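> Got a structure for you, questions after.
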Amino acid sequence: MSIFGLTWLSWLGVALCMALASYVQVITGFAFSLLFIGLISTFDLVPLDEVTNAICVITLIQALAYFRAHPLGHEWRVVRPAIWPSIAGVVAGAALLLWLSGQALYVLKYVLGGVIWLTALAMLGNPVPWRQVSSRGAFRVTGLLAGVMGGLFSAAGPPLVYLLYRQPIALRVIHQSLFLLFAIGQLARLGVIGASGNFTWRSLLYIFLSMPIVFLVQELQRRYPLNLSPYLTTRLAASLLILAGTGLVFSNWLSRT
């Protein structure tokens, strides 16, 4: 049976991938976009552009749910220098995506698979925090790189995660800063994609599907926390990313042979 052009198994697969990626996001503060896109692309459930468009709004919903449970404090100002460069990067990345999507989408999937692997390896590296907070210039450059990745894949996490997890600041501040920057970047991307007329109606269906899943996952984690150590949490998330990245690259290679 087909529902809006997709079988009920495809819709179920999208929902399960969304729930798993949302849970990883809740316990780590990032990785939703990379894991969700990786899983969706691996199993070829829905078109990549429809998913990345929907992730813009899904990320905003996640940020709303997160800040509802964890009100934003003043410490977020440490990442203020990254905001405007990340917005500029989003515009550049989204423009690049619109140019490449009709010509070399398979190349983008290889690039995304490589980014997922690098992110997982960086997580497994267990970096030691630096003694001092990085310079404003470091935050600007990182914001720009994250913006470009956010514009391309709706996945701005890797550069921001690497920099923030090396800062001598509380984990709570890191999570809040990540959610804040992700939300700002996705708002910018949503504006660019919407203005270009490339936001599809089926992306709206994924958004409506995501709303109850995101809030349910948040509530389940709040009431029944997994209580894993930070070490095990990081390893679990990294393992899932490695599997998703490997599956994405392999399935993309099979589609070209």
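The values are calculated or read from the model by the stated rules, or taken from the named source; none is laboratory data. This is a predicted model, so every value here is computed, not measured. Note that each Cβ is placed from the backbone with ideal geometry, even for glycine, and that neighbours are counted across all protein chains shown.
> Is there any pair with a first residue in region 189-206 that is more than 17 Å from Leu60 (Cβ to Cβ) and a second that is of a type in the set (S, T, N, Q) whose Cβ atoms are under 8 Å apart and which are 6 or more apart or on different chains, and what are they?
What qualifies is Asn198/Asn53; Thr200/Asn53.
> Kindly indicate which of Leu181, Leu152 is modelled with pLDDT of 90 or more, within 17 Å of Pro85 (Cβ to Cβ), within 20 Å of the chain's Cα centre (by Cα) and buried (at least 16 other Cβ atoms within 10 Å of the Cβ).
On inspection, the qualifying residue turns out to be Leu181.
> Follow-up. Mind counting the residues in region 66-79 that are surrounded by fewer than 21 Cβ atoms within 10 Å (Cβ to Cβ), in contact (Cβ under 8 Å) with a residue 24 or more places away in the chain and part of a helix (DSSP H, G or I)?
Looking only at that region, the number is 5.
> So, of the residues in region 208-235 that are of a type in the set (A, V, I, L, M, F, W, C) and buried (at least 17 other Cβ atoms within 10 Å of the Cβ), which turns out to be nearest to the chain's Cα centre (by Cα)?
Val214
Yes/no per residue for (1) closer than 16 Å to Gly245 by Cα; (2) touching a residue at least 12 places away in the same chain (Cβ under 8 Å); (3) not hydroxyl-bearing (Ser, Thr, Tyr); (4) not in a helix (DSSP H, G or I):
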site: Leu12; (1), (2), (3), (4): no, no, yes, no
site: Ala21; (1), (2), (3), (4): yes, yes, yes, no
site: Ile27; (1), (2), (3), (4): no, yes, yes, no
site: Ser33; (1), (2), (3), (4): yes, yes, no, no
site: Val46; (1), (2), (3), (4): no, yes, yes, yes
site: Asn53; (1), (2), (3), (4): no, yes, yes, no
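> I would also like to ask the following. Give the residues of region 29-59 that are surrounded by 22 or more Cβ atoms within 10 Å (Cβ to Cβ), more than 18 Å from Val249 (Cβ to Cβ) and β-branched (Val, Ile, Thr), sorted by residue number.
Scanning region 29-59 gives Val46, Ile55, Ile58, Thr59.
> Residues that are in contact with a Gly (Cβ under 6 Å, 6 or more places away or on another chain): find the helices (runs of 4 or more DSSP H) completely inside region 93-203 holding 2 or more of those.
Per the criteria, 105-124, 136-153, 171-196.
> Can you pull out the residues in region 244-257 that are farther than 19 Å from Val26 by Cβ and in a helix (DSSP H, G or I)?
Once the filter is applied, which keeps residues that are farther than 19 Å from Val26 by Cβ and in a helix (DSSP H, G or I), region 244-257 yields Gly245, Thr246, Gly247, Leu248, Val249, Phe250, Ser251, Asn252, Trp253, Leu254, Ser255, Arg256.
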